[in-house]
Amino acid sequence: MGESEPDVPAAALEDVAYLSRSPNRVKILAVLADRTVTRHELADITDTARTTLDRTVNELEDRDWAERTVDGTYTATPRGERLQRQFKPFLDSVAAIRRLEEAVEWLPAAELTIGLEHFADAEVVRPAGDDPVETIDLMVEMVEGATEHRALTHLVPPAPLSDAIREGVASGRLTADGVLTADNIEFLREAPERRRRWEAILEAGNGELYRYDGNIPCNLWIIDEHVLIKQSGPEPFAESYGVPIRSENETVRSWANDLIDTYRAEATRLEKGYFAGPAPSAE
């Protein structure tokens, strides 16, 4: 026999449908789950018409999601508070999927240890004129005003971005570290200008580069409070100029730092002089 279809709890779906059909219901339950308020305070906080608020509060009471206290104020019941605690991340996750659209596929599913709800305020930074160079210009501008730059990527850093990193670390303004694939490290050694640029970064003392001898799951940068994530796939050159997801969410930034640290711990740090000498011969 084949596997049976999972049961869909109709009553639970009705509760979700009731709550999600009205932004006022979501706002009112969120406030009641956060604090105890009078109906007048609740109307002011949620900017809800009194007739709508009275009807909604009564409905929430009927569902045992809200209750009136002995002093006449209102608050969420334990059931309502737990519902709100679960519903908010779900709602934010749906918002993130809608905002990111196809870009949600760029997030590394196997490495994503946080919920999609933390990307609810993220944006896909698309060039105004469909010019891919605008993305590089954006990253260069961000690095030029930053104090921290971190990277985990299988893409070759474009020359303008590399120059901005070099100038930042040479001036002492910027600390930078990056984890790149072995192929990309060797690519950077192929031309004298690239070699000089990256050796200068290592010589500055506050720039570090790591060689990872395996696959890197995503293209990820942290530039101060910003996290940028670009598409991963089989065409690195095209993607290196592609648009990024940008987030300033603290949980996203913490996850990004942890992911870079994980791969950095398994990578080899390049010492000063790595790019100054001849490329090692293949054995």
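The values are calculated or read from the model by the stated rules, or taken from the named source; none is laboratory data. Everything quoted here is computed from the prediction, not taken from an experiment. Surface accessibility is based on the protein's heavy atoms, side chains included, excluding ligands, DNA and RNA. Shrake-Rupley method; radii C 1.70, N 1.55, O 1.52, S 1.80 Å.
Numbers at a glance
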read-out	value
5 angstrom amide H check on E208, placed H, neighbours 5+ away	A176, D177, G178
Average accessible area per residue (Å²) across the stretch 95-225 - probe 1.4 Å, nucleic acids and ligands excluded	45
Average Cα contact separation per residue, the stretch 20-154, under 8 Å, 6 or more apart, as relative contact order %	18
GNM top mover of T181, T153, T113 - the chain, alpha-carbon springs below 10 Å	T113
Carbon/sulfur fraction of accessible area - the chain, other protein chains in place, 1.4 Å, %	49
222 nm mean residue ellipticity, helices alone, for the chain (DSSP H n ≥ 4; -39,500 (n - 2.57); rounded to 500)	-14500 deg cm²/dmol
Entry for Kirkwood radius over Cα pairs in Å (calculated from the structure that is shown) out of [x] 23.4; [y] 22.2; [z] 19.6	[y]
